[in-house]
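So the structure is just underneath, and the comments pick up after that.
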Amino acid sequence: MTGRSTPRGAYTGRPCRGCRTPIPSRLYLCGDCWDQLPPVARRALNRRDDQATARLRQLYDHVDSGRPLAELEITA
Ligand SMILES: [Zn+2]
């Protein structure tokens, strides 16, 4: 038990991968984390094509590895 009683569904979305702030599910990260990404990485992540999932995986791998968001490189 964590002591939290917030029912499922009370969330507006899922937690931000970087800082756990609840965010709308259409966003990859909260605004604060997003602002830390290099502009070129943000532009790549905003592109929605058949490589979008691969780019999202690179973003999340980077976040999970604990490296600074400003060092993200999107190669897909
Ligand atoms: Zn965040």
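Where nothing but the Cβ of Lys and Arg (+1) and of Asp and Glu (-1) is charged, how large is the charge dipole of the stretch 14-71 around its Cα centre, in debye to the nearest 20? Display every interim value, and only then the final one.
On the way: 11 positive and 7 negative charges, 35 e Å.
About 160 debye.
Less than 13 Å Cβ to Cβ from ARG26, Lys/Arg counted +1 and Asp/Glu -1: what total charge do the surrounding residues give?
With Lys, Arg at +1 and Asp, Glu at -1, the net is +2.
Could you give the spread of the C-alpha atoms of the stretch 14-71 along their three principal axes, from largest to smallest, in whole angstroms?
Principal extents (Cα only, largest first): 27, 24, 18 Å.
Just so you know, all these numbers are worked out from the coordinates, no wet-lab data involved. Note that this is a predicted model, so its numbers are computed, not measured. No Cβ is skipped: glycine too gets one built from the backbone with ideal geometry, and neighbour counts run over all protein chains shown.
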